[in-house]
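*Asks:* Shown below is the structure under consideration.
The values are calculated or read from the model by the stated rules, or taken from the named source; none is laboratory data. No experiment lies behind these values; they were computed from the predicted model shown. Quick reminder, even Gly has a Cβ in these numbers, built from the backbone with ideal geometry, and neighbours come from all protein chains shown.
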Amino acid sequence: MEQHENFRIKSRISPQFDPWDAWHTRLAKGRYELTSVEFTVTNLCNLRCEHCAVGEELVEREGAAIPVELLIRRLDEIDTLQTISITGGEPIVSPKVVKETIQPLLKYAKSRGIYTQLNSNLTLPLSRYEDWIEDLDVLHISYNYRDVHDFHRIVFAKMGREVDIKAAETLFGRMKENSRALAKAGVFVSGESLLSPFTSQFIDQMHHDLVEMGCARHEVHPLYPSDFARHADLISLEQYEEAIHRLLEVRDPNTWILFGTLPFFPCSDDRQHRGLYTQLHETPNVTVRQDPDGRNRLNVNGFTGDIIVTDFGDVPSLGNIHHDRLSDIFDRWLQHPLAKKYHCYCEQAKCTGPNILVANAYYNNWDFTKRSAEGLVKIV
Ligand code: SF4
């Protein structure tokens, strides 16, 4: 494979180096830069999970995708690019999408030394992952189940028809086996749990399942009531705190735990919340990711070409890759009133402010532009 003129040697992804974390660039450059692009490459999926973030957009058939050459041309214009994420739907469900969009994107990223992540439900036959997986850095899965009965209820929740438990048994078993097999072959599998009042009760068991499935990392986020999950109960801060403590007690110390969209801040008036934030930073093999959405990432719809900031659902499309450069759009986004509203920054506390879903769900009455962790928390 020909090496790109901007090729950079990659470091190993680890708790010390998470290239998706918005923290590194903000610290080094004193500003946010576009380092990450996420592509929605399909709206097809074999499941209809109750936690699906794009649920309403899922389709049974879809039209022609934007030629991958245009996607790559737009990536080529971004000098600061470090990571690419590929999402859906289920990106692997259509062999055509794999061949015509995913494989070329992964090859391009590899030639340039760009880190890649693909979000999959991992329920398709193993052979469907084999042709291209060696070019991928992170295989991201969602795992929110105690057993096959939870899986059956959760992943077919929005199917619109009854699905036999036997189908769930096959898919649940396959997901676990695929994860073990791919991890054994050296793939970095990252399992994400979305905490709700229901799932948080079983966080310890879900953690041990993911360890047993060979996952190198367990990602933990709150489940926000949006899209298919819009009627879901939001986990309270007390329940969340309790789940974190239980997880830290029973965790496998060799498995990296990443807390994303964490709803606790070092400028909190609550001493316990500040203590928890500090504790997570001091625990080996545990990290708190500063959220890429709104800080270093744009999302491109692979069909319409629309460019959005994921999670900022109220912000209309900021442009379209048919006629806009992604860096120009990102610069425009940094001037947007919503970006400014949530781009607070406390260097000593290693905090870049809230994800908008966190702010809306828990801190509606906070003005983040007026808050500070100065004198409250110092992360060394
Ligand atoms: S960066 Fe924002 S959210 Fe974080 S501690 Fe400072 S003021 Fe609070």
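*Asks:* Restricting to the range 79-95, and then to whatever is over 20 Å from the mean Cα position of the chain (by Cα) and at pLDDT below 95, can you tell me which residue is farthest from L298 (Cα to Cα)?
*Replies:* The extreme case among them is P95.
*Asks:* Just checking, does the range 215-234 include any residue being without any contact (Cβ under 8 Å) to a residue 60 or more places away in the chain, in contact with a His (Cβ under 7 Å, 6 or more places away or on another chain) and under 27 Å from C346 (Cα atoms)?
*Replies:* yes
*Asks:* Can you go through N320, N364 and tell me which one is touching a strand residue (DSSP E or B) at 6+ places or on another chain (Cβ under 6 Å) and not β-branched (V, I, T)?
*Replies:* Checking each option against the conditions leaves just N320.
*Asks:* Further, regarding this structure: What are the pairs, 6+ residues apart or on separate chains, where a residue within the range 369-380 that is touching a residue at least 12 places away in the same chain (Cβ under 8 Å) has its Cβ under 8 Å from a residue that is of a type in the set (K, R) and part of a loop (DSSP other than H, G, I, E, B)?
*Replies:* What qualifies is I379/K350.
*Asks:* If the requirement is being closer than 20 Å to Q82 by Cβ, among the aliphatic types (A, V, I, L, M) and modelled with pLDDT under 95, which of these qualifies: V309, V300?
*Replies:* V309
*Asks:* Additional query: Being over 23 Å from I13 (Cα atoms) and either under 21 Å from the mean Cα position of the chain (by Cα) or in a loop (DSSP other than H, G, I, E, B) (or both) is the filter here; which residues of the range 242-270 pass it?
*Replies:* Selection gives A243, I244, P263, F264, F265, P266, C267, S268, D269, D270.
*Asks:* Additional query: Counting residues that are crowded, with 19+ Cβ neighbours inside 10 Å and within 11 Å of the ligand (Cβ to nearest atom), which helices (runs of 4 or more DSSP H) fully inside the range 306-380 reach at least 1?
*Replies:* Helices (runs of 4 or more DSSP H) meeting the threshold: 337-342, 356-362.
*Asks:* Scan the range 96-120 residue by residue and report those that are outside any helix (DSSP H, G or I), of a type in the set (G, A, S) and either in contact with a helix residue (DSSP H, G or I) (Cβ under 6 Å, 6 or more places away or on another chain) or surrounded by fewer than 19 Cβ atoms within 10 Å (Cβ to Cβ) (or both).
*Replies:* Answer for the range 96-120, where residues must be outside any helix (DSSP H, G or I), of a type in the set (G, A, S) and either in contact with a helix residue (DSSP H, G or I) (Cβ under 6 Å, 6 or more places away or on another chain) or surrounded by fewer than 19 Cβ atoms within 10 Å (Cβ to Cβ) (or both): just G113.
*Asks:* How about the range 139-175: which of its residues are closer than 20 Å to A232 by Cα and assigned to a strand (DSSP E or B)?
*Replies:* Within the range 139-175, S142 is the sole residue that qualifies.
*Asks:* Just to be sure, is N43 more than 20 Å from D311 (Cβ to Cβ) and either at pLDDT 85 or above or not acidic (D, E) (or both)?
*Replies:* No.
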